[in-house]
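Data block below; observations after.
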Protein chains: 2
Amino acid sequence: MRAKELMDKDFVYLNCDDSVVEVSKVMEEIRRFTCPVVNENKQLVGWITSFDITRGLRNGNEKISEIMSGYEEVATVNENDPARLAVILTANNKFVTVPVVNDNNQVIGMVRACDIVELLSELYDIKVSKLYKAMQNQLKGVTWEELMAASALVSTKTTGKKITAEEYEANIMNSTFGEAIWATGGLEKFFAGLISVGELVIARRVGRARR
Amino acid sequence: MRAKELMDKDFVYLNCDDSVVEVSKVMEEIRRFTCPVVNENKQLVGWITSFDITRGLRNGNEKISEIMSGYEEVATVNENDPARLAVILTANNKFVTVPVVNDNNQVIGMVRACDIVELLSELYDIKVSKLYKAMQNQLKGVTWEELMAASALVSTKTTGKKITAEEYEANIMNSTFGEAIWATGGLEKFFAGLISVGELVIARRVGRARR
C-alpha cells in the first residue's frame, strides 16, 4: 500500500496572501486543524496549524505568510512512498496530519491520524473465529470440533488453567484479533499458539490415517 | 487492554470561567487541539476544540462557557472500557481525541489518535521473520532451511510465480507483518499461508519419523 492510497483528498490549500481571519473560518467549516500552504504551482511552501491561527488572531496578523511554518519544518511523504512511512512519521512525532506530495513537490493529499486508525483498526478488529475458519479451510479433513478440542488442550497447557472446547469456542466467537494479541502477550505468542493447535490436529489426522 | 492503559495523562482541564484568550495560549503551548471542560469536581461538563477558540477570538467571546460544546455532545469512554472502544470511536468519527472518565464522570485522561497509531503500528511493524522464528520454536525439530523450503513451495503454488527458498528468506527478512498482509490480501489469507507451511513441514517430519 502506497501513501497515495491512504491519503485524504478532501483538504484545502492555503496561499501566502490568504487572510488569517478568512482561513480561520474555512478551517472551522471543513474541520481541519492543519492545512498546507502552496505557491501558484500548488507546490508546498509552508504549513498552518490551528495554533498558528489562534496566535495570529490574537496578535492581529493579516496574512498567512506572517504566521506559517516554513517549508523546511514540514515532514512530507511522497505519493509513492509506502503508507507505512506516513504511519511511522505520525506515530513517532504525534502528528495529526502528514502532507503527501508528488515528484514536483505539489501537495496532492493528506494522511490523517484518524484515517490511519481506521485502516489499522480494521486489521485489529478481525474476529479470531475468522482466523480459525481460515485454518479449518486450509487443513482439509479437520472438523471444527477437532479444532476447538485441540485449542482447549493447547490453552490449558499454556496457561495452566483448564478450559473446555465449548468454553474455548465461546471465547473466540466474542474476541477479536487485537484482544487475542493483548491476552496472549504479543503477536508472536498468538501465532505460536495457533501453530501448536495446527500441529496437534495434523498429528491426530496423521494418526487416524495410519490406523 | 483498557482505555486507561492507552490514555495520555498529559492534558489540561479547562473551567467554564476560563478566559478564551488565556486558553488559546495554553493550547498553543501544550499543543493540544482539544481540551475537556470540567466543573469544580473535575467532572466533564463540556468540550473545547481549536475551532471553538478561533471562532471565539474572532467574535470577542470572553469565557469558555460561551463557546464550548455541551457535555451531551462529547463521546467518552470509561477508564475500564476496552481500549478497542476508543479505537472504534476514533476510527468511525474521525476524532483527534476521546476523553477518558472514571465512574464519577471525572476526566482522568485522553486517548489521542496519534497514540493509537503508535500502538497499532507496533503490531503492524513486526518483522515477518519474527513470526517464522516463533513458528520454528514451536515446531520442535524443524530447521530454518526446511521452513524456508516449505514456504517457497507454498508461495509458488499459491501465486503461480516460482520462488526459491533463498529468495523467500530474503523477502521475509525485509518485510513486516503489515506489508505481508497487504501483499497476501488480508490477515486470513496470510494466516492460511502460514498454516499451509506448518502443515507441509509437519507432514515431512512425520514422514521422516516413519522411515
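The values are calculated or read from the model by the stated rules, or taken from the named source; none is laboratory data. None of these values were measured; they are calculated from a predicted model. Cβ placement follows ideal geometry from the backbone for every residue including glycine, while neighbour counts extend to all protein chains displayed.
Given B:107, B:142, B:101, B:77, which one is in contact (Cβ under 8 Å) with a residue 60 or more places away in the chain, under 30 Å from residue B:47 (Cα atoms) and more than 19 Å from the chain's Cα centre (by Cα)?
Working: B:142 fails: under 30 Å from residue B:47 (Cα atoms); B:101 fails: in contact (Cβ under 8 Å) with a residue 60 or more places away in the chain; B:77 fails: more than 19 Å from the chain's Cα centre (by Cα).
Just one listed residue meets the conditions, B:107.
I'd like to know if region B:19-27 contains one or more residues that are touching a strand residue (DSSP E or B) at 6+ places or on another chain (Cβ under 8 Å) and over 21 Å from residue A:20 (Cα atoms).
yes
Suppose we filter B:118, B:188 for residues that are farther than 23 Å from residue A:139 by Cβ, among the acidic types (Asp, Glu), buried (at least 16 other Cβ atoms within 10 Å of the Cβ) and without any contact (Cβ under 8 Å) to a residue 40 or more places away in the chain; which single one remains?
Numbers: B:188 fails: farther than 23 Å from residue A:139 by Cβ.
Unique residue meeting the criteria: B:118.
Kindly provide the set of residues from region B:94-150 that are assigned to a strand (DSSP E or B) and in contact with a Leu (Cβ under 7 Å, 6 or more places away or on another chain), ordered by number.
Let us first name the residues in region B:94-150 that are assigned to a strand (DSSP E or B), namely B:97-101, B:106-112, B:127.
B:98, B:99, B:101, B:107, B:111, listed by residue number.
Which ones in region A:15-54 are of a type in the set (A, V, I, L, M) and within 14 Å of chain B (Cβ to nearest Cβ)? Reasoning before the result, please.
The first filter runs over region A:15-54 and keeps only residues of a type in the set (A, V, I, L, M), leaving A:20-21, A:23, A:26-27, A:30, A:37-38, A:44-45, A:48, A:53.
If the condition is that a residue be of a type in the set (A, V, I, L, M) and within 14 Å of chain B (Cβ to nearest Cβ), then A:20, A:21, A:23, A:26, A:27, A:30, A:48, A:53 are the ones that fit.
Take region B:47-88 and flag every residue that is crowded, with 19+ Cβ neighbours inside 10 Å, assigned to a strand (DSSP E or B) and polar (S, T, N, Q).
B:49
Which residue is nearest to residue A:197 (Cα to Cα), if the candidates are limited to region B:153-211 and must be of a type in the set (Lys, Arg) and at pLDDT 85 or above?
Of region B:153-211, the ones of a type in the set (Lys, Arg) are B:157, B:161-162, B:189, B:204-205, B:208, B:210-211.
With at pLDDT 85 or above added as a condition, the list becomes B:157, B:161-162.
Working: B:157: 24, B:161: 30, B:162: 30 Å.
The extreme case among them is B:157.
What number goes with the only condition from (1) touching a Phe, Trp or Tyr at 6+ places or on another chain (Cβ under 6 Å); (2) closer than 18 Å to residue B:113 by Cβ that residue A:115 does not pass?
(1)
Restricting the search to region B:114-124, which residues are within 7 Å of another protein chain (Cβ to nearest Cβ) and more than 14 Å from residue B:187 (Cα to Cα)? Give the steps one after another, and end with the answer.
Just the residues of region B:114-124 that are within 7 Å of another protein chain (Cβ to nearest Cβ), to begin with: B:114, B:116-118, B:120-121, B:123-124.
Of everything in region B:114-124, those that are within 7 Å of another protein chain (Cβ to nearest Cβ) and more than 14 Å from residue B:187 (Cα to Cα) turn out to be B:114, B:116, B:117, B:118, B:120, B:121.
Looking at region B:135-146, which of its residues are within 11 Å of another protein chain (Cβ to nearest Cβ) and of a type in the set (A, V, I, L, M, F, W, C)?
B:135, B:139, B:142
Answer yes or no as to whether residue A:129 is out of contact with any Ser or Thr (no Cβ under 7 Å at 6 or more places or on another chain), in the same structural domain as residue A:174 (by TED's automatic domain parsing) and either surrounded by fewer than 20 Cβ atoms within 10 Å (Cβ to Cβ) or farther than 22 Å from residue B:183 by Cα (or both).
On the way: out of contact with any Ser or Thr (no Cβ under 7 Å at 6 or more places or on another chain): yes; in the same structural domain as residue A:174 (by TED's automatic domain parsing): yes; either surrounded by fewer than 20 Cβ atoms within 10 Å (Cβ to Cβ) or farther than 22 Å from residue B:183 by Cα (or both): yes.
Yes.
I'd like the residue in region A:1-14 that is of a type outside the set (Asp, Glu) and farther than 24 Å from residue B:124 by Cβ and, out of all such residues, is farthest from the other protein chains (Cβ to nearest Cβ). Even if it seems obvious, please write down each step before you answer.
Kept after step one, since they are of a type outside the set (Asp, Glu), are these residues of region A:1-14: A:1-4, A:6-7, A:9, A:11-14.
Narrowing further to those that are farther than 24 Å from residue B:124 by Cβ: A:11-14.
Details: A:11: 13, A:12: 14, A:13: 19, A:14: 14 Å.
By that ranking, first place goes to A:13.
Confirm whether residue B:204 is more than 12 Å from chain A (Cβ to nearest Cβ) and either touching a Leu at 6+ places or on another chain (Cβ under 8 Å) or among the charged types (D, E, K, R) (or both).
Details: more than 12 Å from chain A (Cβ to nearest Cβ): no; either touching a Leu at 6+ places or on another chain (Cβ under 8 Å) or among the charged types (D, E, K, R) (or both): yes.
No, not satisfied.
I'd like to check something: does region B:180-194 contain any residue that is assigned to a helix (DSSP H, G or I), closer than 25 Å to residue A:124 by Cβ and among the polar types (S, T, N, Q)? Let's see the steps before the verdict.
To start, the set of residues in region B:180-194 that are assigned to a helix (DSSP H, G or I) comprises B:180-184, B:187-194.
From what's left, closer than 25 Å to residue A:124 by Cβ: B:180-184, B:187-194.
Filter again for among the polar types (S, T, N, Q), leaving B:184.
Yes - at least one qualifying residue is present in region B:180-194.
For region A:90-103, does any single residue satisfy the condition of being more than 10 Å from chain B (Cβ to nearest Cβ) and exposed (fewer than 15 other Cβ atoms within 10 Å of the Cβ)?
Within region A:90-103, one or more residues are more than 10 Å from chain B (Cβ to nearest Cβ) and exposed (fewer than 15 other Cβ atoms within 10 Å of the Cβ).
Of the conditions (1) surrounded by 17 or more Cβ atoms within 10 Å (Cβ to Cβ); (2) not in a loop (DSSP other than H, G, I, E, B), residue A:29 clears all except one; give me its number.
(1)
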